[in-house]
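The values are calculated or read from the model by the stated rules, or taken from the named source; none is laboratory data. For clarity, every value in this text was computed on a predicted model and none was experimentally measured. Using ideal geometry, Cβ is built from the backbone for each residue, glycine included, and neighbour counts are taken over all protein chains shown. Keep in mind that these areas ignore ligands, DNA and RNA; they rest on the heavy atoms of the full protein, side chains included. Shrake-Rupley method; radii C 1.70, N 1.55, O 1.52, S 1.80 Å.
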Amino acid sequence: METAVYRITQENPLVPEMETLGEIIKRGGLVAFPTETVYGLGGDALNPESSRKIYAAKGRPSDNPLIVHIAKLEDLKPLVKDIPEAAEKLAEKFWPGPLTMIFPKSDLVPKETTGGLDTVAVRFPSHPVAKRFIEAAGGYIAAPSANLSGKPSPTIAKYVVQDMDGRVDAIIDGGDIPIGLESTIVDLTGDVPMILRPGYITKEMLEEVLGEVATDPTILNGNATDRPKAPGMRYRHYAPKGELVIFEGNKEEVISSINARSEEASKKGRKTGVIATSECADLYKADSVKVIGSRENEEEVAASLYRILREFDDEGVEIISSESFSGTGLHVAIMNRLLKAAGHKIINLWEEA
Ligand code: TXA
Ligand code: MG
């Protein structure tokens, strides 16, 4: 398949090419597009054949449900059986934006899109290019992240092309993605709202609107034998090719432990890399030291993480060590993704002290 690339930026999303891209979706084709979280791989959410094509293009198991993206609030109602009051409150506060909510699905949504589930995940993105594209495509776009299954989600167009060239009809290059981590997913089908995937909209922000909010316990303890409620969270994800280990502890000990690991690996002839905050970057010795941002700026850290994991793959780095980012707020989402990328390999130097 020949993949056309269109450059459409958020400053100027009202271009005539959008109609062509919308037609591709209406005919059952696939288009990768930017959102504020990560790039998405879009198809018609109401067409079972389109959903099958999405799974094939990603190489993703078809029991892992897709998120349905809308571009206006009125379009939620036809997708769901019921809109609980909590959802109305969250929509008012956080939509359009990086929040996905789970509802009991209506008959309009095919089971192919929901991976066989009776519930549907819905998101109303805020990225101007995403909004305009969803409208042009008829209003309902099913979209997972636009990476091959198992790779970090793309946050720059180069990596969408790397994974999807030849697999989709078109790619919209919308430039760099502002948030860089996938949306927060909240399940509203139980008694207490539950976070199934942490994201830019934090637990604290949700609790301000709803009161008590639970978190799927498997997210926090990383126990591989538990079954997370979001099927996609159980697959090994975001994994770089190199062996990634996270170091938690005081600054000096983290630096010396990471340098010791890199030195040992270098002696064996292996290529080493470090994920470093700007405050410490100069103190590491490795083949490739990547600055993820300032420790004072967690938004910068979130926005850089997936790009850095991909760069290590491009450079063939084999032994990767990272500083830790544990904490509250956005740190929860950053650590969730970093821990998954590391296969939960974390060395706690506080405990060893
Ligand atoms: O930010 C995002 O959400 C991005 C952009 C493109 O919008 N999309 C994204 O999609 O991250 P994907 O397919 O990579 O991740 C969707 C996650 C999976 O973990 C999936 O299992 C979960 O959402 N999910 C979807 N529908 C669900 C449902 N009905 N119940 C529980 N989990 C669901
Ligand atoms: Mg994904």
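Just a few scattered comments:
- Matching residues, the stretch 59-92, being within 12 Å of ligand 1 (Cβ to nearest atom), under 21 Å from Gly199 (Cα atoms) and either among the basic types (Lys, Arg) or open to solvent by less than 20 Å² (accessible area, probe 1.4 Å) (or both): Asn64, Leu66, Val68, His69, Ile70
- Selection count where residues are within 18 Å of Asp216 (Cα to Cα) and free of Cβ contacts under 8 Å to residues at least 60 places away in the same chain, scope the stretch 321-339: 3
- Among the residues of the stretch 2-37, the ones that are hydrophobic (A, V, I, L, M, F, W, C), open to solvent by less than 10 Å² (accessible area, probe 1.4 Å) and in a loop (DSSP other than H, G, I, E, B) come to 2 in all.
- Residues (within 15 Å of Val245 (Cα to Cα) and open to solvent by 20 Å² or more (accessible area, probe 1.4 Å)) located in the stretch 271-283: Lys271
- Any hit, the stretch 91-102, residues being under 18 Å from Gly138 (Cα atoms) and of a type in the set (Gly, Ala, Ser): no
- Residues of the stretch 171-192 that are part of a loop (DSSP other than H, G, I, E, B) and away from ligand 2 (no atom under 16 Å from the Cβ): Gly174, Gly175, Asp176, Pro178, Leu188, Thr189, Gly190, Asp191, Val192.
- Residues (more than 22 Å from the chain's Cα centre (by Cα) and open to solvent by 60 Å² or more (accessible area, probe 1.4 Å)) located in the stretch 239-265: Lys251, Glu252, Glu253, Ser256, Glu263, Glu264
For (1) assigned by TED's automatic domain parsing to the domain that holds Glu299; (2) open to solvent by 20 Å² or more (accessible area, probe 1.4 Å); (3) over 18 Å from Thr37 (Cβ atoms), each residue gets a yes or a no:
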position	(1), (2), (3)
Val186	no, no, no
Gly190	no, yes, yes
Ile195	no, no, no
Pro198	no, no, no
Lys203	no, yes, no
Leu206	no, no, no
Glu212	no, yes, yes
Thr215	no, yes, yes
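- Matching residues, the stretch 112-142, being within 16 Å of ligand 2 (Cβ to nearest atom) and touching a Leu at 6+ places or on another chain (Cβ under 6 Å): Thr113, Ala142
- Identity of the residue in the stretch 61-93, in contact (Cβ under 8 Å) with a residue 60 or more places away in the chain and in contact with a Lys or Arg (Cβ under 7 Å, 6 or more places away or on another chain), that ends up nearest to Asp187 (Cα to Cα): Ile67
- So Val186, is it touching a Pro at 6+ places or on another chain (Cβ under 7 Å) and in contact (Cβ under 8 Å) with a residue 12 or more places away in the chain: yes
- Flag for Ala57 being within 15 Å of ligand 2 (Cβ to nearest atom), closer than 19 Å to Ala157 by Cβ and in a helix (DSSP H, G or I): yes
- Single condition Trp95 does not satisfy, out of (1) within 11 Å of ligand 1 (Cβ to nearest atom); (2) of a type outside the set (Ser, Thr, Tyr); (3) in contact with a Phe, Trp or Tyr (Cβ under 6 Å, 6 or more places away or on another chain): (1)
Every residue, every condition in (1) β-branched (Val, Ile, Thr); (2) open to solvent by less than 30 Å² (accessible area, probe 1.4 Å), yes or no:
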position	(1), (2)
Ile308	yes, yes
Glu311	no, no
Gly316	no, no
Gly329	no, yes
Ala341	no, yes
Asn348	no, no
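Per-residue answers, yes or no, for (1) under 18 Å from Ile334 (Cβ atoms); (2) free of Cβ contacts under 8 Å to residues at least 60 places away in the same chain; (3) touching a strand residue (DSSP E or B) at 6+ places or on another chain (Cβ under 6 Å):
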residue: Lys267; (1), (2), (3): no, yes, no
residue: Ala276; (1), (2), (3): yes, yes, yes
residue: Ala281; (1), (2), (3): yes, yes, yes
residue: Lys290; (1), (2), (3): yes, yes, yes
residue: Glu296; (1), (2), (3): yes, yes, no
